[in-house]
Amino acid sequence: MSKSAYIKLVKGSKQEDISLEEVKNLFLYYQEMVSLTGKQLGWGYQEAAFPYDLQEREQDGIPYLLLKGKKPSHYYGLIVSVAKEAETNIPYIQIVLPDQATHGDTAKGNEYGKFLAKQLKGELHLFNGRTMYFNDRK
């Protein structure tokens, strides 16, 4: 059974709404950051930090990002989408671990969730049900 993590854009977040294109741009920014870190360290840190191919897909009219693992035995993949809660209309980013996901995917999903939540000052609901707050809660 697949698991999901959510980054909710609640009161105090950096922005009030999010698009899939903005999420894609945040992933590209992440890749650029780790690439520069790799240059400073003198080795290919980007391959270790982002071992996925970023692909845009659509199913049943719903667009999503597929992070397809370059080495499926270590990293199978992640699925990332955006939506709004039905009752509260709160926008969120969903990171899904498919049934075939590895322990590496779980770790990377948590890492990317923390990165996105920190960038957006959102509320991160992890795969294990715990919540991390990156927004100003007053």
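The values are calculated or read from the model by the stated rules, or taken from the named source; none is laboratory data. Values in this document were obtained by computation on a predicted structure and should not be read as measured data. Positions of Cβ are backbone-derived with ideal geometry, glycine not excepted, and every protein chain shown enters the neighbour counts.
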In the set 56, 21, 16, 32, the lone residue that is over 17 Å from the mean Cα position of the chain (by Cα), surrounded by fewer than 16 Cβ atoms within 10 Å (Cβ to Cβ) and of a type in the set (D, E, K, R) is 16
Only residues that are surrounded by fewer than 17 Cβ atoms within 10 Å (Cβ to Cβ), among the charged types (D, E, K, R) and assigned to a helix (DSSP H, G or I): list them for region 86-114, please. 111, 114
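Would you pick out the residues in region 30-46 that are out of contact with any strand residue (DSSP E or B) (no Cβ under 9 Å at 6 or more places or on another chain) and touching a residue at least 12 places away in the same chain (Cβ under 8 Å)? Even if it seems obvious, please write down each step before you answer.
Of all residues in region 30-46, those out of contact with any strand residue (DSSP E or B) (no Cβ under 9 Å at 6 or more places or on another chain) come to 30, 32-46.
Across region 30-46, the qualifying residues are 30, 34, 37, 46.
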Please name all residue pairs, on different chains or six or more residues apart, with Cβ atoms under 6 Å, provided the first residue is in region 98-119 and is touching a residue at least 40 places away in the same chain (Cβ under 8 Å) and the second residue is of a type in the set (A, V, I, L, M, F, W, C) and part of a loop (DSSP other than H, G, I, E, B). 117/134
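Based on what the data block shows, is residue 78 more than 17 Å from residue 18 (Cα to Cα) and surrounded by 11 or more Cβ atoms within 10 Å (Cβ to Cβ)?
On the way: more than 17 Å from residue 18 (Cα to Cα): yes; surrounded by 11 or more Cβ atoms within 10 Å (Cβ to Cβ): yes.
For residue 78, the condition - more than 17 Å from residue 18 (Cα to Cα) and surrounded by 11 or more Cβ atoms within 10 Å (Cβ to Cβ) - is met.
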If you go through region 64-74 one residue at a time, do you hit one that is closer than 22 Å to residue 134 by Cα and at pLDDT 90 or above? no
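Given the criteria under 20 Å from residue 103 (Cα atoms) and assigned to a strand (DSSP E or B), does residue 5 qualify? Steps first, answer last, please.
Numbers: under 20 Å from residue 103 (Cα atoms): yes; assigned to a strand (DSSP E or B): yes.
Yes.
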Look through region 1-13, keep the residues that are over 14 Å from residue 123 (Cβ atoms) and surrounded by fewer than 14 Cβ atoms within 10 Å (Cβ to Cβ), and return whichever of them is modelled with the lowest pLDDT. 1
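Has region 129-136 got at least one residue that is surrounded by 17 or more Cβ atoms within 10 Å (Cβ to Cβ) and touching a residue at least 40 places away in the same chain (Cβ under 8 Å)?
Taking region 129-136 first, the residues surrounded by 17 or more Cβ atoms within 10 Å (Cβ to Cβ) are 134-135.
After this cut, where a residue has to be touching a residue at least 40 places away in the same chain (Cβ under 8 Å) as well, the list is 135.
Yes; the residues of region 129-136 include at least one that is surrounded by 17 or more Cβ atoms within 10 Å (Cβ to Cβ) and touching a residue at least 40 places away in the same chain (Cβ under 8 Å).
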